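> One structure, pasted below without further comment.
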Amino acid sequence: MTGQHSGDTRKGIRRTVARTLVALAGMFVFAFALVPLYDVFCQVTGLNGKTSNQAQALVHEAADQDRVVTMQIITRGSSGLPWSLEAHTRQVRVHPGQSAEVDFTFENLGDEVSVARAVPSVSPSEASLHLRKLACFCFQNQRLAPGERFEAPLVFQLTRDLPDDIKTVTLVYTLYRQDAGPSRENGTQALGGDA
Amino acid sequence: MASHLPPRPTAQHSQADAGGMAADEHHHGPRGLKRWLLTTNHKEIGSLYLIFSLSMFFIGGIFAMVVRAELFQPGLQLVQPEFFNQMTTMHGLIMVFGAVMPAFVGLANWMVPLQIGAPDMALPRLNNFSFWLLPVAFALLLSTLVMPGGAPDFGWTFYAPLSTTYAPPSTTFFIFSLHLAGISSILGAINIIATILNLRTPGMRMMDMSLFVWTWLITAFLLIAVMPVLAGVITMMLLDINFGTSFFNAAGGGDPVLFQHLFWFFGHPEVYIMILPAFGIVSVIIPTFARKRLFGYASMVYATASIAILSFLVWAHHMFVVGLPLVAELFFMYSTMLIAVPTGVKVFNWITTLFRGSLTFEPPMLFALAFVVLFTIGGFSGLMLAISPADFQYHDTYFVVAHFHYVLVPGAVFAIMAGVYYWLPKWTGHYPHTRLSQWHFWLSVIGVNLTFFPMHFAGLAGMPRRIPDYALQFADFNMITSIGAFMFGISQLLFVAVVVLCVRGGEKAPAKAWDGAEDLEWTVPSPAPLHTFETPPRFEPDRH
Amino acid sequence: MRRVWTAGLAACSGLSGSVLANGWNMPVGVTDVSREIHSLHMTIFWICVVIGVVVFGAMFYSLFRYRRSRGAKAANFHEHTTVEVIWTLIPILILVAMAIPATATLKTMYDASEADLDVMVTGQQWRWRYSYLGEDVAFTSNLATSRSQVSGESAKDENYLLEVDEPLVLPVDRKVRLLMTSDDVIHSWWVPDLAVKQDAVPGFVNENWVRINEPGIYRGQCAELCGRDHAFMPVVVRAVEPERFDEWLAERKEAAAQAELGVDREWELDELMERGEQVYGTICASCHQPDGSGSPPAFPALAGNQAMLEDPDYHIDTVVNGVSGSAMPAFRSTLNAVELAAVITYERNAWGNETGEAIQPADIAELLDEQ
């Protein structure tokens, strides 16, 4: 019978259980720690085309006049947000090391104040390591009144250590709504819930 | 915890009726239902786990039959796509978390104490609690089928954002039930580790333990390592769905791909959680019926441990087309291929154990041999899937479905059945009916291959998985698969018949029911009395 | 080699010829990469076959030779270090031999640089949208197989479920870079003959590339579970000679300009209803059902929907801008002003929703480019 475990065995069991519980708690914390770790990992390796969400300093280096890289800029909307986002230039050709500026216009076409943010993604993902954004509207939320327009620049630099085989870099901005959305109550949006 | 036990409600049971698996169906003990609700006996809890697992196996099986009936021919005939997706999802969840995992825990409950000469599990009351969490968890999961918006419909891998922003309202219940099932597994694992490390009979060293005990010890460590990660992932989902966080939502700065990394960090070790104990069972059965010691005992233990360690380094091979950088693709391709080495060692060891043995083919041996062959076929397709460039064509097709069903059905499930046939004489005191068992075996083997082999072709020819309707060129493969699936499904009723008949009667088995069997469980009477090894048995270390 | 494999399996099973004609195996495909992948696949397959023959051969030999019924007595060996080391090392060597060509192929697949044409592929529940970057040509590609074929009311075509209204047109012998993203959930764009399968992840961009060697029509499907109509979002690629491609591109631009002209005139209700029914059938009916009954709670009914009928602005806003966090996408960039006006008019007048209102394309156009 289990009740008959000797004192040593009981102590042993207690020790084993204590250790496994510590390991368990550790792994649970680890799972949540993986979220920031993953972000750091993405930024270090360029995994997934994520870019820094803070302004970076310009790397002072001479532009590499022998190489030209095409920077494609794409803007996209998303559902539930009556905004338009236009890049004034859809394509710029830059030398690695050189900094460049592209202007964007945001416009709220709806009839309510709304808040949104442009979320960037870079392809090929290896390039995101070498894309430095000196100024970008994507670092914070934008708030626009109905009909309001807003111009904002993106200042960026592709550093000289960009791998030679990358000739085209695509930067995509997707506009996502950040506030709760229009407050209209009605039966047709049974699921879209908070929209 | 183990020191203050309540008075055992079952203490006055006679030996003869105590150990019977499924005995509750026909046996009304003095305490009735309460006996089973409150039992802390490892044998009774083991039986409860096995009965639970068998019922889940049939429920998950019925869902699979609905899927196969719809896929019998092109077009939508029986169900709508929404319901089809709920069926595939529930089939996967129930089979993984409700059938295969509890079956192994049930076998561990029954056999680990008997194989190491312990009187019971180390933490008997915890054992009772971890079992009774399961019926609650799965009742909750199954109840989502009747909720508005239906059951989870995003596949058993529940990739965000389909499982968060776009999920049915029942998802919160799904998360809760998975939490309960996870806690149950974790408690079970703690108990098994505590039992194996502390309650071995005097004189039994780690390297004297049976391979079933070894593989379960390693599996339990895997469970401790990854179930909290699963709990973390589903908690993040819960927060995303109900509390406005953005772990997996690009709109709020999150990343849907992060979900996949976290899920598969749990998910790949999970796959080995479902196969390592199967390796253990087969490694016990083959030497018994070859009447020859297991070849390469030590290398079997090392191979199991290396598979477990490697399982933490291969998760992203499930994500080759998600847009990983080249370096990551290469790393995960190489590490995945490496798993073939320890797995190969195991297969070679089993075959060398057969070589120059003295073989007989009782039902447990038939299932174990089928396991070796069919699991190896699943291993080959696994190796093909590891080749990342080729995976761009295989990924998310029926080729993958064929692969993992080969390792899970004739792999894990056949090993569980082999184990049940092997230990039924110990549990019930009777041998399973030979003729019926043989029918069950052959119908299952034919059914399994008829079901899953054509899936390889359908996948290579271009059929994606998880679709309720398909293009005409896949029609013949699907028809054969469906016929095989019905055949396999129906033949499992034979399994129930064999088990029920065996509980009720049949040829009497002696203590050592199989003449080549060597482990400690064969030194106690058949059927095993409710309480065994109350004084630790003598153990001569020369067994392995 | 392919013939041996096909013939062997055909002999084993004796299935109908139609299966053989359509293939048991991975297609060789029409790009250099797809050929490489196919040969990699066959190499590994044959390696597995050889290992299988050796291993199962040894196993079945033992099973027959050492049966107790034939009087076999068990030997007593149970370990042999040399043998165990050898059968650990040999698989490692085989694996290295497999990894070398696989690595080379993978490197080629990852080199999307110096493309002649960039196409952005956007997955949306449950259709694909293609935009030719820098060309101002974009369109959506919807399943063209009729619902009656799915339900079995009419006979199934040869390309059942693999037919779209507007295929992606690509030039042969040109390197095309494909940028993948998604508007809602994860989709996966797959054409077996091109050996391109890449996940389309919402908010992120992935890339892949293709250089097609032969003109033709290549069919595939979405490969990642993306909700209800996952089985009903095929991919069709029409590969044409580069000159034909340039002509096609010019035609598309011309057609877009023509459509612009239609915006300014006053449209009759009947005209809008006719056009609207078409648009509704291809875009809206999969969720809101052909009879407007929807499938609540995920997809609300449109027939008799009071909130929508009482407030045309709300109706227009929902269709144009979508509903965030739900399956209702924004159609502002997917449909043009005429199509939007037509489909909204249709929804306001079909299935007993008799408002009698005609929504004019010009009004929608104003809404779309208020800037």
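> Less than 26 Å apart at the alpha-carbon level, and either on another chain or at least 8 residues along: which lysines does that give for C:LYS197?
A:LYS50, A:LYS167, C:LYS107, C:LYS175
> How big is D for segment C:197-354, in µm² s⁻¹ as a whole number, if Stokes-Einstein is applied with the Kirkwood radius of its Cα pairs at 37 °C and 0.692 mPa s?
The diffusion coefficient I find is 179 µm²/s.
> Let me ask you something else. Return a whole-number percent for the relative contact order of segment C:218-371, with Cα pairs under 8 Å and 6 or more residues apart as the contact set.
Taking the mean separation of contacting Cα pairs over the length of segment C:218-371, I get 23 percent.
> A follow-up question, please. For chain A, find the longest principal axis of its Cα atoms and tell me its angle to the long axis of helix A:7-45, 0 to 90°, nearest 10.
That helix lies at roughly 0 degrees to the long axis.
> Quick one: if the Förster radius is 25 Å, what FRET efficiency do A:VAL40 and B:THR235 give, using the C-beta to C-beta distance and rounding to 0.05?
Efficiency computed from Cβ-Cβ geometry: 0.75.
> Below 8 Å, C-alpha to C-alpha, sequence gap of six or more: please give me the relative contact order for chain C in percent.
Computed value for chain C: 13 percent relative contact order.
> Which of C:ALA112, C:ALA144, C:LEU168 sits closest to the plus end of the dipole of chain C, meaning its Cα is farthest towards the positive end, when Lys and Arg get +1 and Asp and Glu get -1 on the C-beta?
The residue sitting farthest along the positive end of the dipole is C:ALA112.
> I would also like to ask the following. So how far, in whole Å, is the C-alpha centre of segment C:312-345 from the one of segment C:67-136?
Centre-to-centre (Cα) distance: 45 Å.
> Could you work out the longest stretch of chain B that avoids the trypsin sites (Lys or Arg not before Pro) located in DSSP loops with at most 16 other Cβ atoms within 10 Å?
Working: sites that count: B:ARG31, B:ARG205, B:LYS512, B:ARG538.
For trypsin sites (Lys or Arg not before Pro) (loop position, at most 16 other Cβ atoms within 10 Å), the longest site-free span of chain B is B:206-511.
> Could you give the dipole magnitude of segment C:200-251 about its Cα centre, charging the beta-carbon of Lys and Arg +1 and that of Asp and Glu -1, in debye to the nearest 20?
300 debye
> Continuing with this model, one more query. Restricting the count to DSSP beta bridges whose residues both fall in the protein assembly as shown, what percent are antiparallel, rounded to a multiple of 5?
Just about 75 percent of them are antiparallel.
> Charges only on Cβ, +1 for Lys and Arg, -1 for Asp and Glu: so what's the dipole of the protein assembly as shown about the Cα centre, in debye to the nearest 20?
7540 debye
> Let me ask something additional. Where Rh denotes the Kirkwood radius from the mean inverse Cα pair distance, what is Rg over Rh for chain B?
With Rh from the inverse mean 1/r over Cα pairs, Rg/Rh is 0.95.
> Farthest toward the dipole's positive end in segment C:159-220, which of C:ILE212, C:TRP189, C:PRO202, given Cβ charges of +1 (Lys, Arg) and -1 (Asp, Glu) about the Cα centre?
Result: C:ILE212, furthest along the dipole toward the positive end.
> Calculate how steeply helix B:211-242 sits against the longest principal axis of the alpha-carbon atoms of chain B, using the helix alpha-carbon long axis, and give the answer as 0 to 90 degrees to the nearest 10.
Once rounded, one gets 40 degrees.
> While we're here: So for the pair C:ASP264, C:SER69, with labels modelled 7 Å out along Cα→Cβ, what separation do we get in nm?
Spacing of the two 7 Å Cα→Cβ label points: 9.2 nm.
> Additional query: Any idea how far apart B:PHE243 and C:TRP248 come out in nm if each label point goes 7 Å out from Cα toward Cβ?
Modelled inter-label distance: 5.1 nm.
> Additional query: Under the rule that an exposed site lies in a DSSP loop and has at most 13 other Cβ atoms within 10 Å, name the longest stretch of chain C with no trypsin sites (Lys or Arg not before Pro) of that kind, not counting the sites themselves. Working shown, then result.
On the way: sites that count: C:LYS73, C:ARG265.
Value returned for the longest uninterrupted segment is C:74-264.
> Report for chain A the percent antiparallel among DSSP-assigned beta bridges with both residues inside it, nearest 5. Kindly include the intermediate steps, with their values, before the conclusion.
Working: 33 of 40 bridges.
The answer is about 80 percent antiparallel.
> Just tell me how shielded C:86-92 is by partners: mean number of partner chain Cβ atoms within 10 Å of each residue's Cβ, no decimals.
Counting Cβ atoms of other protein chains within 10 Å of each residue's Cβ and averaging gives 5.
> Please report, in debye to the nearest 20, how large the charge dipole of chain C is about its Cα centre when each Lys and Arg carries +1 at its beta carbon and each Asp and Glu carries -1 there.
It works out to roughly 3940 debye.
> Something else now. Could you name the aspartates and glutamates in cross-link range of C:LYS156, using Cα to Cα under 14 Å and dropping any fewer than eight places away on the same chain?
Of all the aspartates and glutamates, those that pass the test against C:LYS156 - Cα under 14 Å, at least 8 places apart if same chain - are B:ASP469.
> Additional query: Ignore the peptide's own chain and count Cβ atoms of other chains within 10 Å of each Cβ in C:292-302; give me the average, rounded.
So the per-residue partner count for this stretch is 4.
> If you don't mind, another one. Taking the Cα of A:VAL155, stepping 7 Å toward and past its beta carbon, and measuring to each backbone N in segment A:120-134: which are under 14 Å?
Zone members listed by number: A:132-134.
> Report, in listed order, any pair from B:LYS292/B:LYS512; B:LYS43/B:LYS346; B:LYS346/C:LYS73 with a Cα-Cα distance greater than 21 Å.
On the way: B:LYS292/B:LYS512 16 Å; B:LYS43/B:LYS346 30 Å; B:LYS346/C:LYS73 24 Å.
From B:LYS292/B:LYS512; B:LYS43/B:LYS346; B:LYS346/C:LYS73, over 21 Å: B:LYS43/B:LYS346; B:LYS346/C:LYS73.
> Can you work out the FRET efficiency for the pair B:TRP156 and C:GLU79, with r the C-beta to C-beta distance and R0 = 41 Å, to the nearest 0.05?
0.50
> Cross-link partners among lysines for B:LYS508, C-alpha distance below 17 Å, same-chain residues fewer than 8 apart left out?
B:LYS426
> With point charges of +1 on the Cβ of Lys and Arg and -1 on the Cβ of Asp and Glu, referenced to the Cα centre of the protein assembly as shown, which listed residue (C:ALA350, A:VAL35, B:THR535) lies farthest in the positive direction of the dipole?
B:THR535
None of the figures in this text is laboratory data; all of them are computed from the coordinates on show. None of these values were measured; they are calculated from a predicted model. Every residue, glycine as well, gets a Cβ built from its backbone with ideal geometry; the counts of neighbours run over all protein chains shown.
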